[in-house]
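Below: the structure, in structure tokens.
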Amino acid sequence: MSPATMTEAFRMAFRSLDSLLLLIGLLSLSLQPPLTVLAAKNLRFTLNRKLSQNVPVFREAPAFRNGHACGSSANDRIHLAMTLDSNYLRGTMAAVLSILHNSCCPENIIFHFLWLRFDHDIKTNIKTTFPYLNFKLYRFNSGMVQDKISKSIREALDEPLNYARIYLADIIPVDVKRIIYLDSDLVVVDDIEKLWRVDLQDKVLAAPEYCQANFTQYFNDYFWTDPELRNIFEGKDPCYFNTGVMVLDVEKWRKGRYLQKVEEWMVVQKQKRIYHLGSLPPFLLVFAGNIKAVDHCWNQHGLGGDNIKGKCRSLHPGAISLLHWSGKGKPWLRLDSRKPCVVDHLWAPYDLYRSSKHIFD
């Protein structure tokens with residue numbers, strides 16, 4: 001065969017190969033979503049986007065399915081609200097896993113996540129870690145609260161997202177009548193439906209009450225020496241409750257204009273400095289002495305230690321349905337530093353962070 005003939009033969013062979021590869025590519029693209037097809041038609045083939053370095057990567061969680069007794073109507077849905085923050089994302093993922101793992105009807109749970117801005121990496125993380133999760137994302141406009149925040153004893157308490165729970169009823173869809181708000185530094189070790197089904201009676205809010213706590217410490221001397229302020233609790237029996245675990249009647253919240261009532265106390269705080277802790281005291285001023293008390297097992301709080309040093313604390317006596325690392329110390333930080341508290345090992349089995357051992361593997 002002459003060189004010219006060989007060259008033409010190779011040219012024909014490569015032309016046929018190109019046609020075959022193009023045909024295979026087009027066939028595979030027909031199975032892809034429309035956006036992928038459009039990109040391919042423009043011959044723009046790209047690799048999957050990598051997550052940014054400041055967002056942790058997690059292992060995929062198991063798929064959790066409903067039991068035979070689970071209903072499928074709107075009345076069977078359980079609505080949970082949490083915030084999304086890259087600094088607490090590891091805690092959020094552990095909380096979600098614990099809720100799904102211990103639920104009899106995990107497919108009935110709808111998660112409502114509040115964040116300050118759209119973050120593609122965080123959204124991708126949720127979808128890849130929990131492919132079957134039923135969730136919705138909402139932007140919380142920090143401008144609504146920025147000028148109402150007063151400096152507290154810990155910087156983390158001054159973050160705008162820490163106040164998002166106050167605006168929750170105005171953010172979620174109007175057809176949601178009840179919702180459970182949960183912090184990101186907790187794990188649930190019981191069926192969340194038990195908390196969901198609590199009878200609120202005529203109350204707007206349900207949470208564990210701690211009447212043995214010194215209620216006066218949540219407000220400063222100026223508050224207690226001012227007769228007008230002090231009389232806010234006249235005729236009530238106010239007790240401390242933690243706002244990291246709350247069941248809210250959203251309809252009653254909206255009709256009673258409780259957002260405005262909480263905001264009014266935040267304005268007073270800006271003017272007179274009547275307390276030291278971020279978003280908790282305004283809730284106490286509006287609701288203390290007028291909530292539906294639920295069992296203490298639903299908030300074993302304070303496991304993160306106090307708000308200054310975050311020293312280790314032990315469990316409260318009694319049954320446990322929810323473990324809450326409120327306070328300065330967070331279990332993932334203490335575990336990573338290899339200086340964990342004993343209670344941190346109760347959080348570790350739900351940690352999906354890719355470098356951690358996991359009990360469900």
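The values are calculated or read from the model by the stated rules, or taken from the named source; none is laboratory data. Note that the structure is a prediction, hence the values are computed from the model and not measured. Heads up, the Cβs are rebuilt from the backbone with ideal geometry, glycines too, and the neighbour counts pull from every protein chain shown. Please note that ligands, DNA and RNA were not included when accessible areas were found on the heavy atoms of the full protein model with its side chains. Shrake-Rupley method; radii C 1.70, N 1.55, O 1.52, S 1.80 Å.
Before moving on, here are some points about what is shown:
- For the range 150-299, averaging the sequence separation of C-alpha pairs within contact (under 8 Å, six or more residues apart) and dividing by the residue count gives a relative contact order of 39 percent.
- Sequence ranges 289-295, 247-253, 257-263, 278-284, ranked by mean other-Cβ count within 10 angstrom, highest first: 278-284, 247-253, 289-295, 257-263
- Per residue accessible area of the range 218-306, 1.4 Å probe, in Å²: 42
- Cα-based Lys proximity count in the range 285-361, under 27 Å, for pairs eight or more positions apart or on separate chains: 12
- Long pairs among LYS151/LYS270; LYS127/LYS194; LYS177/LYS203, criterion Cα-Cα beyond 18 Å: LYS127/LYS194
- A Cβ-based charge dipole, computed about the Cα centre of the range 129-222 with Lys and Arg at +1 and Asp and Glu at -1, lands at about 260 debye.
- Enclosing the Cα atoms of the range 217-361 in their convex hull gives a volume equal to 163 cubic angstrom per residue.
- The range 73-117 has equivalent-ellipsoid semi-axes of 22, 14, 5 Å, by the square roots of 5 times the alpha carbon gyration tensor eigenvalues, sorted largest first.
- Per residue, the range 109-152 exposes an accessible area of 49 Å² to a 1.4 Å probe, with every protein chain left in place.
- Taking all protein chains together, PHE118, PHE223 sort by accessible area into PHE118, PHE223, largest first [probe 1.4 Å].
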